[in-house]
1. From the list 15, 66, exactly one residue is in a helix (DSSP H, G or I), in contact (Cβ under 8 Å) with a residue 12 or more places away in the chain, in contact with a helix residue (DSSP H, G or I) (Cβ under 7 Å, 6 or more places away or on another chain) and surrounded by 14 or more Cβ atoms within 10 Å (Cβ to Cβ). Which is it?
2. Against the condition at pLDDT below 75 and either surrounded by 13 or more Cβ atoms within 10 Å (Cβ to Cβ) or not in a helix (DSSP H, G or I) (or both), how does residue 1 come out, does it pass?
3. Could you please let me know if residue 92 is under 22 Å from residue 11 (Cβ atoms) and surrounded by 10 or more Cβ atoms within 10 Å (Cβ to Cβ)?
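The values are calculated or read from the model by the stated rules, or taken from the named source; none is laboratory data. Remember, it's a predicted structure, so these values are computed and weren't measured experimentally. No Cβ is skipped: glycine too gets one built from the backbone with ideal geometry, and neighbour counts run over all protein chains shown.
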């Protein structure tokens, strides 16, 4: 085992445990995370496997394949976060509008 592999495995294990505790009941997210962690462990323990897979799919090196897949995952996460933020903005806007209307009605009743 190379020197970097235990460090990478410890990092992957920490990330997995942190998100499992944080996500608790989100089964789909935990399953996806588990699959990603399994892939990370396999590629850390057998780094030449990435090159074999890369050659089969038409990419020159395993590092390039990992980079391309990471970009796709990055964009997925960014879009998922964007939609969540938009949903929260709409929720906050609705709550603020309801509160404003309620305050306006309360103020108009007090002024009578």
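1. Matching residue, one of 15, 66: 66.
2. Against the criterion (at pLDDT below 75 and either surrounded by 13 or more Cβ atoms within 10 Å (Cβ to Cβ) or not in a helix (DSSP H, G or I) (or both)), residue 1 qualifies.
3. Working: under 22 Å from residue 11 (Cβ atoms): no; surrounded by 10 or more Cβ atoms within 10 Å (Cβ to Cβ): yes.
The answer is no for residue 92.
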